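The structure appears right after this line, and notes come after that.
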Amino acid sequence: MVTVDELNKIKVAIDWINKLANGINPIDGSIVPDSDIVNNVHISRCLFFVSNLLEDVANKKSIPQKQYEREFQLTPEIAANVSITDKTGIAMFVKEINRVIPENMKPLVAAKVTQWLVSVGYLEEREGSDGHKYKAPTELGTSIGITSTWRDGTHGQYLAISYDANAQHFILENLFKL
C-alpha cells in the first residue's frame, strides 16, 4: 500500500522523469542540449517506461509479477554451488542460495528459513521489554553454530543473528524439509 507521502514523491518523480525524457531540465525548466545523454533515444525510451510504471503504482494498478515455472527446490547440484562463508546473516545466506538457482525457479525467502528454524527448535521468538518480538538462537541452535550479538541500529538495539559454516551446511542439508 502506498502512503500519501510516497504518492506525492512518486508524482514528483513522474514529473521529473517525463521532463528528462522530453529533454527538459526538471530543476530549472531549461532545454537540455541535444548532445546530452538524456536525449539519447534509448535513454528517453527507458525514462518513459519507468514513468509509466510509476504511474501504474500511483494509480494502484497491479504491476505484473514475474512468473516462475518451478517452486523453490534445493537439489544436491544447486547446494554444491552455494558458497559457504565463515559467518553470515540469514538474508545474505539466502541471497547466495538464490544466486545459484535456475532463473525459472521461485527464489527462497529468508523468512521461510527463519520460520522453519523456529518450528524445529533452533531459534525461538522472544519478547523484549518494549513489547517487540525478536528471534534468538536456542541451545540447540547454538550447538550447530547459530550465534547472536546485540547491536546498536538507527532504531535502537537489535539482536543480530549469525550463522557459521556449520549452521549454513545444516540449513542446506535440511532445506528440502521447508
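General remarks:
- Qualifying residue in segment 122-143 (condition: within 20 Å of the chain's Cα centre (by Cα), more than 16 Å from VAL94 (Cα to Cα) and not hydrophobic (A, V, I, L, M, F, W, C)): yes
- Tally of residues being modelled with pLDDT of 95 or more and in contact with a Ser or Thr (Cβ under 8 Å, 6 or more places away or on another chain) across segment 155-178: 6
- Residue in segment 63-80 that is of a type in the set (A, V, I, L, M), in contact with a Pro (Cβ under 9 Å, 6 or more places away or on another chain) and at pLDDT 85 or above present: yes
- Flag if SER129 is hydroxyl-bearing (Ser, Thr, Tyr), over 24 Å from THR75 (Cα atoms) and modelled with pLDDT of 95 or more: no
- Count of segment 78-115 residues which are touching a residue at least 40 places away in the same chain (Cβ under 8 Å) and either more than 19 Å from the chain's Cα centre (by Cα) or on the phi > 0 side of the Ramachandran plot (or both): 5
- Remark: SER35 falls outside the filter, which requires a residue to be exposed (fewer than 14 other Cβ atoms within 10 Å of the Cβ), in a loop (DSSP other than H, G, I, E, B), at pLDDT below 85 and of a type in the set (Gly, Ala, Ser).
- Positions within segment 140-178 being assigned to a strand (DSSP E or B), in contact (Cβ under 8 Å) with a residue 40 or more places away in the chain and buried (at least 17 other Cβ atoms within 10 Å of the Cβ), in sequence order: ILE161, SER162, TYR163, ASP164
- Scanning segment 1-23 for residues that are of a type outside the set (A, V, I, L, M, F, W, C) and part of a loop (DSSP other than H, G, I, E, B), we see that the one that is most open to solvent (accessible area, probe 1.4 Å) is ASN22.
- PRO26 open to solvent by 50 Å² or more (accessible area, probe 1.4 Å) and not hydrophobic (A, V, I, L, M, F, W, C): no
- In this structure, GLN67 does not qualify as open to solvent by 90 Å² or more (accessible area, probe 1.4 Å), farther than 29 Å from THR3 by Cβ and not in a helix (DSSP H, G or I).
- Only listed residue being more than 17 Å from ALA165 (Cβ to Cβ), without any contact (Cβ under 8 Å) to a residue 12 or more places away in the chain, of a type in the set (Gly, Ala, Ser) and part of a loop (DSSP other than H, G, I, E, B), chosen from GLY131, GLY121: GLY131
- Qualifying residue in segment 101-111 (condition: outside any helix (DSSP H, G or I), closer than 30 Å to GLN67 by Cα and charged (D, E, K, R)): yes
The values are calculated or read from the model by the stated rules, or taken from the named source; none is laboratory data. These numbers were taken from a predicted model, which means no experiment stands behind them. Neighbour counts run over all protein chains shown; Cβ positions are idealised from the backbone, glycine included. These area figures cover heavy atoms from the full protein model, side chains too; ligands, DNA and RNA do not enter into them. Shrake-Rupley method; radii C 1.70, N 1.55, O 1.52, S 1.80 Å.
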